[in-house]
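Taking it in order: structure first as structure tokens, then the write-up.
Just so it is clear, none of the values below were taken in a lab; they were calculated from the coordinates. Predicted, not measured: the structure shown is a model, and the values here were computed from it. Positions of Cβ are generated from backbone atoms using ideal geometry, with glycine treated the same way; all protein chains shown enter the neighbour counts.
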Amino acid sequence: MDIVCAIKNYKSEKYDLSEFIDKDSFFTSVKNYKGKEIKILELPGLWNGAMANWNSVFVEVPADTFNPVKTVNDLLKESHQN
């Protein structure tokens with residue numbers, strides 16, 4: 001999925017994005033730190049819920065617009081050569 005965030009309103013005024021943070025929102029996850037499993041508290045990012053009271057619009061885009069880079073070798077793919 002592609003995520004696009006408008007940073008200005010229809011009057012070209014910048015949004016104060018901090019107004020859209022739900023400070024009571026969090027989740028826990030388990031991670032590995034130096035070979036030891038630990039439980040951590042995380043604050044959500046834009047893509048998983050931090051933008052409370054935000055209007056979201058979902059638009060289908062062609063699959064070929066998605067070119068993820070998970071490893072350095074992914075950059076060798078033809079889609080990343082332009």
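Under 21 Å of direct C-alpha separation, and excluding same-chain neighbours fewer than eight residues apart, Lys31 reaches these lysines: Lys39, Lys70. Net length available on complete extension from Glu42 to Asp22 is 5.9 nm, with 0.36 nm assigned per residue and the Cα-Cα distance removed. Listed values for the range 23-32 are Karplus-derived 3J(HN,Hα) couplings in whole Hz (6.51 cos²θ - 1.76 cosθ + 1.60, θ = phi - 60°), namely 5, 8, 9, 7, 8, 10, 8, 10, 10, 9, and x replaces Gly and Pro.
Annotation: lysines with alpha-carbon distance below 29 angstrom to Lys11 (same-chain offsets under eight excluded): Lys23. The order of the peptides 55-66, 10-21 by mean Cβ neighbours within 10 Å, most packed first, is 10-21, 55-66. For the chain, the alpha-carbon coordinates run over 43, 41, 20 Å along the three principal axes, in decreasing order. Tell me which of Thr71, Phe58, Val30 sits at the most positive position along the dipole axis of the range 17-80, charges placed on C-beta atoms (Lys, Arg +1; Asp, Glu -1). Ranked along the dipole, the leading option is Val30.
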